[in-house]
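A.B. asks: My questions all concern the structure below.
Every read-out reported here was derived from the displayed coordinates using simple, explicitly stated rules and does not represent laboratory data. All figures in this text were calculated on a predicted structure; none of them were measured in a lab. For neighbour counting, all protein chains shown are included, and Cβ atoms are generated from backbone atoms with ideal geometry for every residue, glycine included.
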Amino acid sequence: MKNLKQMKSLDKIDFQILSILITNNDMTYREMADKLDISQTTIYNRIKKLKKETILKESRANINFGNLGFELAIILLSADPKK
């Protein structure tokens, strides 16, 4: 039930901010504010609210581990427990 309440608490601006963060997470608050024609303070407060409601996780760096000399391999296995 909590998820439904969270969805109802989001408005068009919240969804626009989330959309920007998904497609371009290195955009500054000023750039977002200009794009959405709202204040930087509004952007800051909305992102703070989305984090508080755990809709938006804390920001994380997108690191190119290959450029740091690390090799990364991910193997995903799916097993049918009935077999």
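A.B. asks: Pick out, from ASN24, LEU56, ILE13, the residue whose Cα sits farthest towards the positive end of the charge dipole of segment 2-57, with +1 on the Cβ of Lys and Arg and -1 on the Cβ of Asp and Glu.
C.D. replies: Ranked along the dipole, the leading option is LEU56.
A.B. asks: Related question: Which whole-number percent of Cα pairs in segment 2-57 have a distance greater than 16 Å?
C.D. replies: Counting pairs separated by more than 16 Å, the tail of P(r) holds 36 percent.
A.B. asks: Right, here's the next one. Based on other C-beta atoms within 10 Å, arrange ILE22, ILE55, ILE43 from fewest to most.
C.D. replies: ILE22, ILE55, ILE43
A.B. asks: A follow-up question, please. Which whole-number percent gives the relative contact order of segment 2-57, counting Cα pairs below 8 Å spaced six or more residues apart?
C.D. replies: Relative contact order, segment 2-57: 28 percent.
A.B. asks: Still on this model: With labels modelled as points extended 7 Å from the Cα through the Cβ direction, what inter-label distance (nm, one decimal) is found for PHE15 paired with THR54?
C.D. replies: Taking the simple label geometry, PHE15 and THR54 are separated by 2.4 nm.
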